[in-house]
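Contents: one structure, followed by commentary.
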């Protein structure tokens with residue numbers, strides 16, 4: 001099913017937060033994805049949520065801030081996502097470098113040592 005993308009938040013912003021929102025808006029605007037969401041934990045420990053596009057293609061409801069998505073359901077989807085991520089289409093170079101840093105998780109954290 002093809003649907004025209006909807007931009008949930010097209011408000012211009014500046015700084016790192018603006019970069020995240022702008023990247024999500026651009027991702028949806030190109031038509032590759034109907035919706036996108038991101039949760040970013042800042043150095044202050046606070047989590048900031050960003051959304052763009054449609055979370056439901058039938059109702060055209062916005063992407064929920066607490067939504068869940070699959071990163072990719074086919075090899076083609078995963079390749080397109082990774083190509084965009086590592087090719088500089090989704091994040092700025094400094095953001096990508098920060099993402100590549102390994103951070104030790106807390107006990108019981110699925111991403112950290114048990």
Residue 19 - would you say it is outside any strand (DSSP E or B), surrounded by 13 or more Cβ atoms within 10 Å (Cβ to Cβ), at pLDDT below 90 and out of contact with any strand residue (DSSP E or B) (no Cβ under 6 Å at 6 or more places or on another chain)? yes
Across region 68-96, what is the total count of residues that are under 12 Å from the mean Cα position of the chain (by Cα), part of a loop (DSSP other than H, G, I, E, B) and surrounded by 13 or more Cβ atoms within 10 Å (Cβ to Cβ)? 3
Complete set of residues in region 23-43 that are in contact (Cβ under 8 Å) with a residue 12 or more places away in the chain and assigned to a strand (DSSP E or B): 35, 36, 37, 38, 40
Name the pairs whose Cβ atoms lie under 7 Å apart, with the first residue in region 92-110 and within 15 Å of residue 41 (Cα to Cα), the second exposed (fewer than 10 other Cβ atoms within 10 Å of the Cβ) and at pLDDT below 80, and 6 or more positions between them or separate chains? 104/113; 105/111; 105/113
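The values are calculated or read from the model by the stated rules, or taken from the named source; none is laboratory data. Predicted model only: the values in this text are computed from it and were never measured. Here the Cβ is made from the backbone with ideal geometry for all residues, glycine too, and neighbour counts use every protein chain on show.
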